[in-house]
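> Before anything else, here's the structure in question.
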Amino acid sequence: MAGGPRRVRLSISRIDPWSAMKLSFLLSVALGIMIVIATAVVWFVLDSMHVFADIEELLVSIGSENFLQLMDYLEFDRVMSFATIVGVVDILLLTALGTIGSFLYNIIAALVGGLHLTLTDD
């Protein structure tokens, strides 16, 4: 019985769209949370380095008060609101794309036979 590792050849012939939707939803929620947290961390780091104050001082010194209105969009509340909107759009799009991807995989797998895997037992 010294035959070596056992090999099994399997093929993924179908992906359940409901399962793909649940998985893509959970992964996109995690990504959305990471986007919001990363945005907050980057904003606090830039603020602690006085980057926003330096930009505002530069704009005042060159006399471009029109661009000072741009600094209103860099306030923490607005930046976090934008990051939250990006996170929600991310959740919607990635969930939809994951589900559509499973439908497309099922159609293609019906035509060509699916993805073939070879598993070995160590």
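Taken together, the values in this text are just the output of simple stated rules run on the coordinates, not laboratory data. Note that the coordinates shown come from a computational prediction; the quantities given were computed from them, not determined experimentally. FYI the Cβ positions are ideal-geometry reconstructions off the backbone, even for glycines, and counts take in every protein chain you see.
> Please list, in order, the residues from the stretch 90-122 whose amide nitrogen is less than 16 Å from a point placed 7 Å along the Cα→Cβ vector of Arg6.
Output list for this probe position: 118-122.
> Next question, about the same structure. The stretch 1-26 to the stretch 48-91: how many Å between their Cα centroids?
Here the answer is 47 Å between Cα centres.
> Per-residue HN-Hα couplings for the stretch 69-77, Karplus 6.51 cos²θ - 1.76 cosθ + 1.60 at θ = phi - 60°, whole Hz, x for Gly and Pro?
Running phi through 6.51 cos²θ - 1.76 cosθ + 1.60 with θ = phi - 60° gives 5, 5, 5, 5, 7, 9, 5, 4, 4 Hz.
> Using amide H atoms built 1.01 Å from N in the peptide plane, name the residues 5+ places from Leu115, or on other chains, whose amide H lies under 5 Å from its own.
It is Ile12, by chain and number.
> Show me, for the stretch 37-52, the HN-Hα J-couplings you get by feeding each phi into the Karplus relation (A = 6.51, B = -1.76, C = 1.60, θ = phi - 60°), rounded to Hz, glycine and proline as x.
5, 5, 5, 5, 5, 5, 5, 5, 5, 5, 5, 5, 8, 6, 5, 5
> Please compute the contact order of the chain in relative form: average sequence separation of alpha-carbon pairs under 8 Å and at least six residues apart, divided by the residue count, as a percent.
59 percent
> To continue, here is another question. Could you give each residue of the stretch 82-93 its phi-based ³J(HN,Hα) in whole Hz, using Karplus coefficients 6.51, -1.76, 1.60 with θ = phi - 60°, and x for Gly or Pro?
5, 5, 5, 4, 4, x, 5, 5, 4, 4, 5, 5
> Given (1) 13.7; (2) 10.3; (3) 8.7 as candidate values of mean projected area of the Cα convex hull in nm², which corresponds to the one derived from the coordinates?
(1)
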